[in-house]
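Report on the following structure.
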Amino acid sequence: MTDSTTENSGPMLAADGTPLKKSLARALRQQKLRALALIAPLLIFVLVTFVVPIGDMLLRSIKNDIVADTLPSTVEALADWDYEAEELPGENVWVAFYVDMWFASERKEHTRLGSRLNYEKTGVSSLFRKTGRRVDRFDTDVYTDQFVALDPEWEAPQTWAAMMGGDAAEALPVTANAWERWVDFNEEEGDAVLEEDVPDFLYTTLYYELTNGAEVSGERLTAAQAAVGDFETVSLQAQFEDADEDWLDPEVWKTIQLYSPRITPGYFANAADMQVTPDGIESRPENQQIYGVLFKRTLFMSLVITGSCILLGYPVAWLLSNLPMRSANMLMILVLLPFWTSLLVRTSAWKVMLQQQGVINDTLVWLGLVADDARLTMINNQFGTIVAMTHILLPFMILPMYSVMSTIPPTYLRAAKSLGATNWTAFWRVYFPQSVPGIGAGSILVFILAIGYYITPEIVGGNTGTFISNRIAYHISSSLNWGLAAALGTILLVVVLVLYWAYDKIVGIDNVKLG
């Protein structure tokens, strides 16, 4: 009796002799792995095509590496520049900027930098392009000639390599940094630095540091420091002024200083009709505030389009769900027919129909409803955009409503009428509440599609019927201001999420159904 009880109190075993609990856990784990393997392609697809692009967009809206990467020495020198105390930066900034511009010009990076800063201050792009063409022809070869005349060994790159590899690098940090960048640049180009001519900017930085009290040692450097006081000098400020006199505008330097950090609020400030200033973020002048108007217009017109789709789509969905099968199928084909036609063709057709010499105006004139010299303006405005987009998005409203209405038993209405309800009362109090989930699903779908549309507003919207998405497309494809486009896209995404959250709180997303 005791032995039998002991055997029965042990763990239950599977057919292969392993404990049943362990066997079930292994089987469940294998089942989960198989399920994960089945959905892995979809997860990877969503990650690559949705999550990663959104993350990249969020990053671009604040990322600002180009200034610090292209002008590293200038950014460091400008950190101590007081915009209010001095009209223009000191000599250290001009020297650093000369070195940075030389490398930027050689790498063809100055045009990209100019384009970036031109978003913040008009005219900077041409300023950098003109200077990039001139910087290699500055008169700084005066210092080169005088150092070589003092000691011919200064012309040999081996002399510089030995000097920068010793204690002189600590005493001459600006020159040492320029030398290191020169070595790296030659490695990038595949050239041997010891076989290249020493560039003029190295002699310029050496002159600058020797005349500013650098504590040097060694016979050659000591002799050079004693002699530089009698050298003929060249003003770098004057050289940049000869390239373009706008370099004497303190606002240009302030723009470089303001947008030198790698993380900037500038894109979001511009997207909100504001600007980064020395005193912080301030509103732009009223005549420059365009994005707020575009956001309001986008929201307003998207709501109007959604409402129009509800009004036009509800009767069609009701007919689809209540007509005999043969008639309903024919009507469904007509609803789906626009999907078989190109979006551009449909939009272009509306442009032909709505223009002042179009079909609709010609018909109204023929009927005598409109005078020939007073034709209606129905294109290149908000009306044209609303009409065209309502037509394009209408099927996205009809289908969710139809799928819900088709599940409502017709006996409910008959029961209500048999209890004395009128047709309107039966519809409003029995049928309509049950169709609301379909209206909610269609409204969310149409509104989200409408708020991000840009092809149709671009074609038929003109100046007053375009959306914020048109401006985003412009900055991506034309102005190439991807940072501002990313900021506008991020704000639009946040607006949609906030509206979705509000809808969930007011209506409840659980009440949205697709059938």
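Taking the longest Cα principal axis of the chain as reference, the axis of helix 124-134 is set at about 40 degrees. For a modelled paramagnetic label at Leu312, 7 Å from Cα along Cα-to-Cβ, the residues of the stretch 426-455 in reach, with backbone nitrogen under 18 Å, are 439, 442-455. Between Asp82 and Ser217, the distance separating the two model label sites (each 7 Å from Cα on the Cα→Cβ line) works out to 3.7 nm.
A simple spin-label model places pseudo-atoms 7 Å from Cα toward Cβ; at Leu367 and Lys108 they are separated by 6.1 nm.
Its Kirkwood hydrodynamic radius, worked out from the mean inverse distance over all distinct Cα pairs, puts the stretch 149-264 at 16.3 Å. Dividing the summed helix terms, -39500 (n - 2.57) for each DSSP H run of n ≥ 4, by the number of residues in the chain produces a 222 nm estimate of -20500 deg cm²/dmol to the nearest 500. Return one number: the angle in degrees, 0 to 90 and rounded to the nearest 10, between the long axis of the Cα atoms of helix 432-451 and the longest principal axis of the Cα atoms of the chain. For 432-451 against the chain, the angle is about 20 degrees. Relative contact order of the stretch 339-465: what whole-number percent is it, with Cα pairs under 8 angstrom and at least 6 residues apart? Relative contact order of the stretch 339-465: 37 percent. Of the solvent-accessible surface of the stretch 279-359, computed with a 1.4 Å probe over protein heavy atoms with every protein chain present, carbon and sulfur atoms account for 68 percent. Remark: relative contact order (the chain) = 16 percent; criterion is Cα-Cα distance under 8 angstrom and separation of 6 or more residues.
If you average 1/r over all unlike Cα pairs in the stretch 403-515 and invert the result, what Kirkwood radius do you get in angstrom? Don't jump to the answer; show the numbers that get you there.
Details: mean 1/r = 0.0581 Å⁻¹.
About 17.2 Å for the stretch 403-515.
Counted residue by residue at 0.36 nm each, then reduced by the alpha carbon distance between them, the extension gain from Leu47 to Ser406 reaches 125.7 nm.
Angle of helix 91-106 to the longest C-alpha principal axis of the chain, folded into 0 to 90 degrees and rounded to 10: 60°. The length gained by stretching the chain between Thr422 and Arg34 to full extension, at 0.36 nm per residue less their Cα-Cα distance, is 134.0 nm.
Summary value for the stretch 128-216: 38 percent relative contact order, contacts being C-alpha pairs under 8 angstrom separated by 6+ residues.
Ellipsoid fit via the Cα gyration tensor, the stretch 321-402: semi-axes of 31, 16, 11 Å, each the root of five times an eigenvalue, largest first. Where a ≥ b ≥ c are the square roots of the eigenvalues of the C-alpha gyration tensor, would you call the stretch 420-471 rounded, which needs a/c under 1.5, or, failing that, prolate if a/b is larger than b/c, or oblate? Prolate. Whenever you get a sec, compute what percent of the accessible area on the stretch 397-515 sits on carbon and sulfur atoms (1.4 Å probe). Its accessible area is 66 percent carbon and sulfur atoms. For the Cα trace of the stretch 260-406, dividing Rg by the Kirkwood Rh returns an Rg/Rh value of 1.16. Counting Lys and Arg as +1 and Asp and Glu as -1 over every other residue whose Cβ lies under 14 Å from the Cβ of Leu484, the net charge comes to +3.
Once you've got the Cα coordinates, tell me which of Lys63/Lys121; Lys108/Lys254; Lys121/Lys296 are over 20 Å apart.
Pairs exceeding 20 Å: Lys108/Lys254; Lys121/Lys296.
Scaling the Cα radius of gyration of the chain by the globular reference 2.2 N^0.38 Å produces a ratio of 1.53. On a per residue basis, the chain carries 55 Å² of accessible surface, using protein heavy atoms and a 1.4 Å probe. For Trp182, the accessible surface of its heavy atoms amounts to roughly 20 Å² (probe 1.4 Å, protein chains only, rounded to the nearest 10). Each label point was placed 7 Å from the Cα along the Cα-to-Cβ direction; for Leu334 and Gln289 their separation is 4.8 nm.
Using alpha-carbon positions, what is the distance between the centroids of the stretch 95-122 and the stretch 166-218, in Å? Measuring centre to centre over Cα atoms gives 21 Å.
The values are calculated or read from the model by the stated rules, or taken from the named source; none is laboratory data. Since this is a predicted model, take the numbers as computed values, not measurements. Don't worry about glycine lacking a Cβ; one is built from the backbone with ideal geometry, like all the others, and counts go over all protein chains shown. When the accessible area is computed, the model is the full protein with side chains, heavy atoms only, and any ligands, DNA or RNA have been set aside. Shrake-Rupley method; radii C 1.70, N 1.55, O 1.52, S 1.80 Å.
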